[in-house]
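Report on the structure given below.
The values are calculated or read from the model by the stated rules, or taken from the named source; none is laboratory data. Quick caveat, the model's predicted, so the values are computed rather than measured. Here the Cβ is made from the backbone with ideal geometry for all residues, glycine too, and neighbour counts use every protein chain on show. Each accessible area value is taken on the protein alone, full model and side chains, heavy atoms only, with ligands, DNA and RNA left out. Shrake-Rupley method; radii C 1.70, N 1.55, O 1.52, S 1.80 Å.
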Amino acid sequence: SFTAPLHQSPLCASLSSQIFEWWYFRKYGTSFIEQVSVSHLRPLLGGVDSSSPSNSNTSNGEADSNRQSVSECKVWRNPLNLFRGAEYNRYTWVTGREPLTYYDMNLSAQDHQTFFTCDSDHLRPADAIMQKAWRERNPQARISAAHEALELEDCATAYILLAEEEATTIMEAERLFKQALKAGEGCYRRSQQLQHHGTQYEAQHRRDTNVLVYIKRRLAMCSRKLGRTREAVKMMRDLMKEFPLLSMFNIHENLLESLLELQNYADVQAVLAKYDDISLPKSATICYTAALLKARAVSDKFSPEAASRRGLSTAEMNAVEAIHRAVEFNPHVPKYLLEMKSLILPPEHILKRGDSEAIAYAFFHLQHWKRVEGALNLLHCTWEGTFRMIPYPLERGHLFYPYPICTETADRELLPMFHEVSVYPKKELPFFILFTAGLCSFTAMLALLTYQFPELMGVFAKAFLSTLFAPLNFIMEKVESILPSSLWHQLTRI
């Protein structure tokens, strides 16, 4: 039969292996043959013993690296997240698109239940209603529950929900947050006096502290959005002094953005000196703000042509190194700052070093880069040089841990479908695999057609060869017509 010899042919076996190798590389980013050789064949052929101390140290190092990668893929609350009613919903009304994904909103619901509820909420009727409200998926049901809670008493969390989701303007949200502040301060003072009377009161005080910090931070953000930037800066500074241990809200990132708006670069440097520390977690805001300050010192006079002739000065070298450091931390940001990729509304949660963090940073900080003369030009000339310093494959980083491999999956969950997620590093197929796969596929097709239609393929081959040699025959005829026949006869004899 036809299928048996074709199935057993070495050509088809080679083709199948090449196709499998191509599929495996596309899916996992590594060669199957190389993976098998390293994992299984090398120990059999006398490779490094897995029980040796050196290999044990390597394994421990790899385990530490993996743990770091998992921790870097943690999703964080966006410190500059927009207001759902006054900003996200207005975008939906205008464009008909949903800027937030279900996964992102579900994370926000979990945050609200963590920060705004406690085990003793059932003792207060309004808090019991709000505990159910934070779990509601339907926005209208949440808003109705908040109004129901306010009919019972002044409930700070009910005002928060209405300010976040029902208010259609920032001014209306600010008014509701001021009412929430009045109610929240009263609860905070009462629970502060009782916090040492038992674990139940301690949990209430922790909840009331979270509520108060959240309200004050959102009020500061309202002032910033309404143009009262100096007032916003004062509120943020006071909040950081009053609650210095609550770093999980990342209020310093709100403060940095407001200080940049005021062009108060000395205070920005002072904040960076405190938070850009090796022992503290980094962010795109920290790294790129540090790069912006160093670029500001040289960017107005920077010229790539002059720098290539005379070399970089010390200040220029410091600026370039700061840009390289920032790009290594988050390689997605430059395309948004240079407007090579379109921006969307930032999500409510971000993944550090991911595309979601890049969008959140560029959305608020692009204006600050544009304000510094020549800063974007310096970034454009130098940012791609970062990738020449980072090893590839990314088995180790240069200044930071290796870039985590989980960012693409998490960013696709956080960002809306209409946005094209930025991927780093892009998986590119080597030319050898593409060439070999194409050659094997073409050869197998020819063999199949020749086996099934031998006469037709013979005619096709003759026609193909005649067409292929037609230009050569034409040239030969022209040469024969031009050269004398005697000379041509002598040449053919030679």
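Applying the selection to region 140-159, what residues are among the hydrophobic types (A, V, I, L, M, F, W, C) and open to solvent by 20 Å² or more (accessible area, probe 1.4 Å)?
Within region 140-159, Ala141, Leu150, Leu152 qualify.
When you scan region 351-468 for helices (runs of 4 or more DSSP H) that lie fully inside it, which ones turn up with 2 or more residues that are closer than 30 Å to Asn264 by Cβ, at pLDDT 80 or above and open to solvent by 20 Å² or more (accessible area, probe 1.4 Å)?
355-371, 375-382
Residues that are out of contact with any Leu (no Cβ under 8 Å at 6 or more places or on another chain) and free of Cβ contacts under 8 Å to residues at least 12 places away in the same chain: list the helices (runs of 4 or more DSSP H) wholly contained in region 211-303 that include at least 2 such residues.
Qualifying helices (runs of 4 or more DSSP H): 229-242, 265-275.
Please work out which residue is nearest to Ala322 (Cα to Cα), limiting yourself to region 286-304 and to residues that are modelled with pLDDT of 85 or more and open to solvent by less than 10 Å² (accessible area, probe 1.4 Å). Please lay out each step first, then the result.
First, pick out the residues of region 286-304 that are modelled with pLDDT of 85 or more: 286-298.
Among the residues that remain, those that are also open to solvent by less than 10 Å² (accessible area, probe 1.4 Å) are: 286-289, 291-292, 295.
Details: Ile286: 11, Cys287: 8, Tyr288: 8, Thr289: 10, Ala291: 5, Leu292: 8, Ala295: 8 Å.
By that ranking, first place goes to Ala291.
Right, Phe115: of a type in the set (Phe, Trp, Tyr) and modelled with pLDDT under 90 or not?
yes
Quick test for you: out of Glu316, Glu321, Glu348, pick the one residue that is free of Cβ contacts under 8 Å to residues at least 40 places away in the same chain and out of contact with any Phe, Trp or Tyr (no Cβ under 8 Å at 6 or more places or on another chain).
Glu321 is the lone residue from the list that is free of Cβ contacts under 8 Å to residues at least 40 places away in the same chain and out of contact with any Phe, Trp or Tyr (no Cβ under 8 Å at 6 or more places or on another chain).
Name, by its number, the condition in (1) part of a helix (DSSP H, G or I); (2) open to solvent by less than 20 Å² (accessible area, probe 1.4 Å) that does not hold for Pro331.
With respect to (1) part of a helix (DSSP H, G or I); (2) open to solvent by less than 20 Å² (accessible area, probe 1.4 Å), Pro331 is out only on (1).
What is the residue count in region 104-121 for residues that are open to solvent by less than 20 Å² (accessible area, probe 1.4 Å), among the acidic types (Asp, Glu) and out of contact with any strand residue (DSSP E or B) (no Cβ under 6 Å at 6 or more places or on another chain)?
1
From the set of residues in region 87-103 that are within 14 Å of Glu164 (Cβ to Cβ) and not in a loop (DSSP other than H, G, I, E, B), which is least open to solvent (accessible area, probe 1.4 Å)?
Here the answer is Tyr88.
Please state which one of Arg137, Arg124 is of a type outside the set (Asp, Glu), over 19 Å from Glu202 (Cα atoms) and open to solvent by 60 Å² or more (accessible area, probe 1.4 Å).
Only one candidate passes the filter, namely Arg137.
Go through region 320-342 residue by residue and tally those that are more than 13 Å from the chain's Cα centre (by Cα) and over 23 Å from Asp276 (Cβ atoms).
The qualifying residues number 5.
Tell me, yes or no, whether region 475-486 has at least one residue that is more than 30 Å from His349 (Cα to Cα), at pLDDT 80 or above and not acidic (Asp, Glu).
Within region 475-486, one or more residues are more than 30 Å from His349 (Cα to Cα), at pLDDT 80 or above and not acidic (Asp, Glu).
Does at least one position in region 130-138 carry a residue that is touching a residue at least 24 places away in the same chain (Cβ under 8 Å) and more than 33 Å from the chain's Cα centre (by Cα)?
Yes, region 130-138 contains at least one residue that is touching a residue at least 24 places away in the same chain (Cβ under 8 Å) and more than 33 Å from the chain's Cα centre (by Cα).
Just to verify a result, which residue in region 168-184, among those that are in contact with a Lys or Arg (Cβ under 8 Å, 6 or more places away or on another chain) and farther than 18 Å from His112 by Cα, is surrounded by the fewest Cβ atoms within 10 Å (Cβ to Cβ)?
Thr168
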